[in-house]
Amino acid sequence: MSTRRPLIAGNWKMYKTVAEAEETARALAGQTTDVDSVDIMIAPPFTALTHVASLVKNSRVAVGAQNLFWEKEGAYTGEIAPGMLTEAGCRYVIIGHSERRQHFGETDETVNKKIAAALTAGLAPILCIGESEAQREADETFSVLDKQIKRGLKDLFANDLRELVIAYEPIWAIGTGKTATSEQAQQVHQFLRGLLAELFDEPFARSVRILYGGSVKPDNIAELMSMEDIDGALVGGASLNAETFARIVTY
Ligand code: PGA
């Protein structure tokens, strides 16, 4: 039996004004008061973090950011430091989302620095990895993921990584309505856990939560969660509506 506590995380991407974020967060907090066996996180845009965090303070809902920069402070126009996120009330931070890799030049090397900085600041990093459609078709899925994990977690130790969460998000399933089948996802999650055991050790590998992401909806979450190595979900589109997201949380 797995002792891993499921985590259902919502990534709001570049959606919602402060007022909209507050409204959704308030509704979600209200609809999840009875949830006690699942961790819940929402990641609003930076501008809404403080507002949302103070709103959900006494609820089951935790707050995460969608990105950070690895330096503590300095002349880095447009960037946000890890300590600024904890100050805003964040407990989690999404790192290396495929949209950041694709549009903002993130690499496994910058991801690695961000993970280290998040851990130092006491934030739980959600490391996103995943293969493109072309890579899957070329049978490169496992080698791509192997590289992303090894480079993303380079020079880090199991002891420091206790808060690490991994999100497997096949790029071809993000925002497309095409979900990986639960078997496809399980196969990858099992591979990832084996890889973590090889790189670190068995107990660590068994303790790390591995989320699936990519077109997760109320009607496919239960099937995904029934898989041995799927410990939760990173949800984009379906996390924007409180009622829909609450249905996913209470799968
Ligand atoms: P989606 O996005 O649920 O809209 O497919 C997932 C993600 O980008 O994390």
### Query
Here are some conditions: (1) part of a strand (DSSP E or B); (2) surrounded by fewer than 20 Cβ atoms within 10 Å (Cβ to Cβ). Asp146 meets all but one. Which one does it not meet?
(1)
#### Entry: Glu79 being touching a residue at least 24 places away in the same chain (Cβ under 8 Å) and open to solvent by 30 Å² or more (accessible area, probe 1.4 Å)
no
#### Entry: Extreme residue, nearest to Gln66 (Cα to Cα), among residues of the range 236-251 that are part of a loop (DSSP other than H, G, I, E, B) and of a type outside the set (Gly, Ala, Ser)
Leu240
### Query
(1) within 17 Å of the chain's Cα centre (by Cα); (2) open to solvent by 40 Å² or more (accessible area, probe 1.4 Å); (3) not charged (D, E, K, R): which one isn't true of Gly30, the others all being true?
(1)
### Query
Is it the case that Ala117 is more than 18 Å from Ala9 (Cβ to Cβ) and open to solvent by less than 20 Å² (accessible area, probe 1.4 Å)?
yes
### Unmet criterion (only one of (1) surrounded by 24 or more Cβ atoms within 10 Å (Cβ to Cβ); (2) within 16 Å of the ligand (Cβ to nearest atom)) for Ser98
(1)
#### Entry: In the range 149-164, the residues that are surrounded by fewer than 20 Cβ atoms within 10 Å (Cβ to Cβ) and of a type outside the set (A, V, I, L, M, F, W, C)
Lys150, Arg151, Lys154, Asp155, Asn159, Asp160, Arg162, Glu163
#### Entry: Members of the range 152-208 found to be in contact (Cβ under 8 Å) with a residue 60 or more places away in the chain and within 16 Å of the ligand (Cβ to nearest atom), listed by number
Val165, Ala167, Glu169, Ile171, Ile174, Gly175
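Just checking: which of the helices (runs of 4 or more DSSP H) contained wholly in the range 165-235 hold 3 or more residues that are more than 26 Å from Lys154 (Cα to Cα), open to solvent by less than 50 Å² (accessible area, probe 1.4 Å) and not aromatic (Phe, Trp, Tyr)? Break it down into steps so the answer makes sense when it comes.
Working: elements: 182-199, 202-207, 221-225.
Once the helices (runs of 4 or more DSSP H) in the range 165-235 are filtered for at least 3 residues that are more than 26 Å from Lys154 (Cα to Cα), open to solvent by less than 50 Å² (accessible area, probe 1.4 Å) and not aromatic (Phe, Trp, Tyr), what remains is 221-225.
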## Note on the structure
Note on the range 8-48: residues more than 18 Å from Arg91 (Cβ to Cβ), charged (D, E, K, R) and away from the ligand (no atom under 15 Å from the Cβ) are Glu20, Glu22, Glu23, Arg26, Asp34
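The values are calculated or read from the model by the stated rules, or taken from the named source; none is laboratory data. Computed from a prediction, not measured in an experiment: that's the story for all the values here. Counting neighbours? That spans all protein chains shown, and the Cβs are built from the backbone with ideal geometry, glycine included. Each accessible area value is taken on the protein alone, full model and side chains, heavy atoms only, with ligands, DNA and RNA left out. Shrake-Rupley method; radii C 1.70, N 1.55, O 1.52, S 1.80 Å.
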